[in-house]
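The values are calculated or read from the model by the stated rules, or taken from the named source; none is laboratory data. Given the structure is predicted, the values throughout are model-derived calculations rather than measurements. Neighbour counts run over all protein chains shown; Cβ positions are idealised from the backbone, glycine included.
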Amino acid sequence: MMANQETLDLTLPRLRMRALAWGPADGRLMLCLHGFPDSAHGWRRVAPLLAAAGYRVVAPFMRGYAPSGVPADGNYHVGALVSDVLDLYDALGGGPDAVLVGHDWGAFAANAVAAYPNSPFGAVVSMSVPPLAAMSQARFGAARTVRMSLIQLRMSWYVMYFQLPGLPARSLHRVIPRLWRDWSPAGTDVADDVATTLAALPTPEHRAAAVGYYRALVRPGGIGAPYAEFERYLQELPCAPILYLHGTQDGAMQVGYTEQLLGALPAGSVVRTIDGAGHFLQVDRPVEVAAAILDYLES
């Protein structure tokens, strides 16, 4: 599967980025964004399946993840991620039919791009983190809401832990293996993915960057140009249909939050759960994920 993997070096206006690529150079662009704790290698199982269908699949190492650069501005707000996505689209010569696929932090970015009225992408696929505005419209009844909130608070312990000064970045070599185990189906061998994730965070600067995403989310002030104009779309509904995918065994975000998503999303959207997949559904169930994406795009 790895035989046709290429490496691209891209010089963006504010950042140097390395990306992995599969498929024909003249194929329809599919830009795949990873989250935490992950890297571009997280797409290695699903990308060849999408490339075989004729897509030009490009998976960048997101800002702060080696071998991409640590941004000089130190900005990890979602607005900065959206800015990178738009710059990547330009650098890769994406057409009106380009597809954006985002997982975890990549999903935060993809959801915001889907809400951005001037988005150049023809289709958006979001995985494992629903659009916040759609999730906030769900009504589960008082008892279930409290129960789900308590469960989610326990699952999301690391978000608060990452607000502590200094310690989180120094302890990622212990936190990352734990999150991969906790977020994957029981018994999954996560060793290779833990290794590629840690390899993308080789220095204190890279590790501070990974933690910086979570600190920026909790501290939304002081974003500044050129990212501020994009930041607000994090809290808005998509303005065009999206495909949303979520693993039934996700240990980071409860699958229950998908139940009422469809009613809040634009007409034509599709919400699908991937049976037996954890948080990293593109790693756990690549065949099913590729089929869901291709079904959606071809319909």
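Condition first: under 14 Å from Ser126 (Cβ atoms) and either buried (at least 18 other Cβ atoms within 10 Å of the Cβ) or charged (D, E, K, R) (or both). Now tell me which residues in segment 241-259 satisfy that.
Ile242, Leu243, Tyr244, Leu245, His246, Gly247, Asp250, Met253, Tyr257, Thr258
Just to be sure I understand, how many residues within segment 140-189 are closer than 24 Å to Gly212 by Cα and free of Cβ contacts under 8 Å to residues at least 24 places away in the same chain?
Within segment 140-189, residues that are closer than 24 Å to Gly212 by Cα and free of Cβ contacts under 8 Å to residues at least 24 places away in the same chain number 14.
Surrounded by 13 or more Cβ atoms within 10 Å (Cβ to Cβ), of a type in the set (Asp, Glu), out of contact with any Cys (no Cβ under 9 Å at 6 or more places or on another chain) and in a helix (DSSP H, G or I): does that describe Asp192?
no
Among (1) at pLDDT 95 or above; (2) out of contact with any strand residue (DSSP E or B) (no Cβ under 8 Å at 6 or more places or on another chain); (3) aliphatic (A, V, I, L, M), there is one condition Leu29 misses while meeting the rest; what is its number?
Unmet condition: (2).
Going through segment 207-226 one residue at a time, which ones are surrounded by fewer than 21 Cβ atoms within 10 Å (Cβ to Cβ), at pLDDT 95 or above and either under 16 Å from Leu15 (Cα atoms) or hydroxyl-bearing (Ser, Thr, Tyr) (or both)?
Once the filter is applied, which keeps residues that are surrounded by fewer than 21 Cβ atoms within 10 Å (Cβ to Cβ), at pLDDT 95 or above and either under 16 Å from Leu15 (Cα atoms) or hydroxyl-bearing (Ser, Thr, Tyr) (or both), segment 207-226 yields only Tyr214.
What are the residue pairs meeting all of these: first residue in segment 95-113, first residue in contact (Cβ under 8 Å) with a residue 40 or more places away in the chain and within 14 Å of Ala80 (Cβ to Cβ), second residue of a type in the set (S, T, N, Q) and assigned to a loop (DSSP other than H, G, I, E, B), Cβ atoms under 8 Å, and 6 or more apart or on different chains?
Val113/Ser119
Considering only residues that are in a loop (DSSP other than H, G, I, E, B) and either out of contact with any Gly (no Cβ under 9 Å at 6 or more places or on another chain) or surrounded by 17 or more Cβ atoms within 10 Å (Cβ to Cβ) (or both), which ones fall in segment 120-160?
Passing the criteria: Phe121, Ser128, Val129, Pro130, Pro131, Ser136, Ala138, Arg139, Gly141, Ser156.
Can you tell me which residue in segment 31-59 is surrounded by the fewest Cβ atoms within 10 Å (Cβ to Cβ), limited to those that are out of contact with any Lys or Arg (no Cβ under 7 Å at 6 or more places or on another chain) and in a strand (DSSP E or B)?
Leu31
For Gly64, only one of the following conditions fails: (1) closer than 17 Å to Leu243 by Cβ; (2) in contact (Cβ under 8 Å) with a residue 40 or more places away in the chain. What is its number?
Of everything listed in (1) closer than 17 Å to Leu243 by Cβ; (2) in contact (Cβ under 8 Å) with a residue 40 or more places away in the chain, Gly64 misses just condition (1).
For Glu231, which of the numbered conditions (1) of a type in the set (D, E, K, R); (2) without any contact (Cβ under 8 Å) to a residue 24 or more places away in the chain; (3) touching a His at 6+ places or on another chain (Cβ under 6 Å) fails to hold?
Looking at each condition in turn, Glu231 falls short on (2).
Keeping to segment 256-299, report how many residues are assigned to a loop (DSSP other than H, G, I, E, B) and at pLDDT below 95.
3
Tell me, which residue of segment 237-255 that is outside any strand (DSSP E or B), among the aliphatic types (A, V, I, L, M) and in contact with a strand residue (DSSP E or B) (Cβ under 9 Å, 6 or more places away or on another chain) is farthest from Trp43 (Cα to Cα)?
Ala240
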